[in-house]
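Data first, discussion second: the structure below is written as structure tokens.
FYI, it's all coordinate maths here, none of it is from the lab. Remember, it's a predicted structure, so these values are computed and weren't measured experimentally. Cβ: placed from backbone, ideal geometry, glycine included. Neighbour counts: every protein chain shown.
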Amino acid sequence: MRSITTLPLSLLISAALAPAAFAQSPSTTVERPAGTDAVAANETASGKHFAVVGGIALLQPKNDAVKGVSQKTDGGSAPTISLSYYVNDNWAVELWGAADKFDHTVKGPAGTRIGTLQQQPIALSGQYHFGQADNVFRPFVGVGYFESNYSNEKLAVPGAVGHVGLETAKGAMGTVGVDMNINSTWFARADARYLNARSKVTESGVDSGRKAKMDPWTVGFGIGARF
């Protein structure tokens, strides 16, 4: 509550003269604008069930994803979007995914470029958001399931027969992040996600017996709205 010492001088004078004015005009009343209380009551993030976040993320696979074949896979960036349903102020279910494909350059054991590939993940997870809905900073954690589709593999692997590809990765995803409330509707988000899975390496569509351990991290930033 604002202390009386911080009120403008004009407001203090008005408050002092108010009893006299009221005594001279007993029939005069001041009406509150319709809906004022309702507007004030709605200025909170609490009780809102839906949120959408648009942003950008950097995805970085681990090194030596396919032993003896790749030494390093360079990371790439892509736009992302998430849709969340809040069961209450703390628990939420989130659908998250890349709106476009992440591009990667693959380097062989000698550090030479052996090709490129793309991937596009999508995930469903449960999240717990700490603190009250109107706190300025709200950290959260989540765990869920993801799938990442690989495409446009152009890999020149020594000794491979035909086209070398990667099957769709499927596995667990962990999330940590924080929301910064701008007001009751808008917020900024920063998050990090770890995607854990093994994908079969194929040659001309046949399982080669190798597995790609991409296990990428993503770091993302975005702007969200709740309603």
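Local charge sum around residue 111 (other residues, Cβ-Cβ under 13 Å, Lys/Arg +1, Asp/Glu -1)?
Numbers: positive: 72, 107, 113; negative: 64, 74.
Net charge in that neighbourhood comes out at +1.
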Identify all lysines with a Cα-Cα distance to residue 211 below 29 Å; exclude those on the same chain that are fewer than 8 residues away in sequence. 62, 67, 72, 101, 107, 154, 170, 200
Modelled label-to-label distance, residue 170 and residue 190, 7 Å Cα→beta-carbon offset: nm? 3.6
Put a dot 7 Å past each Cα toward the Cβ at residue 145 and residue 81; how far apart are the dots in nm? 2.3
